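J.: Before I ask anything, here is the structure I am working with.
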Amino acid sequence: MLATNTQTHLTLPGGRVVNLNDALPAQPFTIGSVTLNNDKEVLVLSAGKGTGAGKASLEVPAGKQHSVKLPDGTVARLNSASSLKFSVDFNEGVREVELTGEAYFDVARDEKRPFIVRSHAAQIKVLGTSFNVNSYNPKNIITSLRSGSIMMQGAGKDTVLKPGEAATVTASSMTVSKYSDDKAFTWKDGIIDFDKASLEEIGDALARWYDVKVAYARPGLKGGSYKLRIDKSKPIQKSLDVLKRLSDGKVNYTLEKGQLTFK
């Protein structure tokens, strides 16, 4: 988690940092060899051929989300507390990015240049498709495919996913299952639907979305099994009060100065 960052920022080759929370110029502007532009709240990057394989990184802190259109036309939407590293020049043979956290990708199709997402122990190889990667827990990486097809690589296995399938990769295994709803994707619309989630899983999501620190007065509180919807457009107390009611009062909380404590 990008716990120490409070601003969404883009680090360009050479170390130049652009604070994306600041108002950017209305017209495209160039920094070094990279041109930046805002198009309907999507950061658009472009670089001329021969720019070189300089690396850039987009870092999104807790409480924020941000979309970026990469030089090849692929759009990635990053969830809270996530980062994406990529080359500013996709004119080489392979388009490759490195993800920490969670992101939804809508990949521009290119038969000659595969698009590769690396995230901890997992690697996803695509030509053009849309999918979600959740790697907040690096020991349990979940990739959900919405359209097209992707090659999942992890735990020494290669598996081709079809739309409606999700792959879970751990250090020692890869499992594929079908999903019948869009719960893996609704975070883009400000909604997280939990089903049979532990209090710790819910607490981690609240920390990312509302930029709060979470503590547990008793270790046993971290467990449980809860069905809960978090709507980011509403105050955090709304979800906390629902959680308290679902637990029949077994879970209480205090929230003060950005510190959420379950007790």
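The values are calculated or read from the model by the stated rules, or taken from the named source; none is laboratory data. What you see is a predicted model; the values in this text were computed from it and never measured. Virtual Cβ from ideal backbone geometry, glycine too; neighbours counted across all protein chains shown. Accessible surface areas use protein heavy atoms only, side chains included; no ligands, DNA or RNA. Shrake-Rupley method; radii C 1.70, N 1.55, O 1.52, S 1.80 Å.
J.: Filter region 38-60 for residues that are open to solvent by less than 50 Å² (accessible area, probe 1.4 Å) and over 22 Å from the mean Cα position of the chain (by Cα); which is modelled with the lowest pLDDT?
T.: Selected residue: THR51.
J.: Output yes when any residue across region 202-210 is open to solvent by 30 Å² or more (accessible area, probe 1.4 Å), under 22 Å from GLY63 (Cα atoms) and not aromatic (Phe, Trp, Tyr), and no when none is.
T.: Scanning region 202-210 turns up at least one residue that is open to solvent by 30 Å² or more (accessible area, probe 1.4 Å), under 22 Å from GLY63 (Cα atoms) and not aromatic (Phe, Trp, Tyr).
J.: May I ask you to say which residue of SER172, SER180, SER247 is farther than 25 Å from VAL133 by Cα, surrounded by fewer than 17 Cβ atoms within 10 Å (Cβ to Cβ) and at pLDDT below 95?
T.: Being farther than 25 Å from VAL133 by Cα, surrounded by fewer than 17 Cβ atoms within 10 Å (Cβ to Cβ) and at pLDDT below 95 holds for just one of SER172, SER180, SER247, which is SER247.
J.: Considering only residues that are of a type in the set (Lys, Arg) and not in a strand (DSSP E or B), look in region 153-201 and name the one that is farthest from the chain's Cα centre (by Cα).
T.: LYS162
J.: Please count how many residues of region 1-33 are surrounded by 15 or more Cβ atoms within 10 Å (Cβ to Cβ), modelled with pLDDT of 85 or more and more than 21 Å from the chain's Cα centre (by Cα).
T.: 1
J.: Still on this structure, please answer the following. Are there any pairs, at least 6 apart or on different chains, whose C-beta atoms fall under 6 Å, with the first in region 198-212 and within 13 Å of ALA81 (Cβ to Cβ) and modelled with pLDDT of 95 or more and the second open to solvent by 10 Å² or more (accessible area, probe 1.4 Å) and assigned to a helix (DSSP H, G or I), and if so, which?
T.: Qualifying pairs under 6 Å: TYR210/ILE236.
Here's the yes/no breakdown for (1) crowded, with 20+ Cβ neighbours inside 10 Å; (2) within 20 Å of GLU98 (Cα to Cα):
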position: ASN140; (1), (2): no, yes
position: ILE150; (1), (2): yes, yes
position: ALA155; (1), (2): no, yes
position: PRO163; (1), (2): no, no
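J.: Here's another thing I want to ask about it. Restricting the search to region 61-98, which residues are open to solvent by less than 30 Å² (accessible area, probe 1.4 Å) and at pLDDT below 85?
T.: VAL88, ASP89, PHE90
J.: Turning to a different aspect of this structure: For region 139-180, which residues satisfy the criterion of being among the charged types (D, E, K, R) and either within 15 Å of TYR104 (Cα to Cα) or touching a residue at least 12 places away in the same chain (Cβ under 8 Å) (or both)?
T.: LYS139, ARG146, LYS157, LYS162, GLU165, LYS178
J.: Could you please give the count of residues in region 221-244 that are in a helix (DSSP H, G or I) and open to solvent by 70 Å² or more (accessible area, probe 1.4 Å)?
T.: Qualifying residue count for the region: 5.
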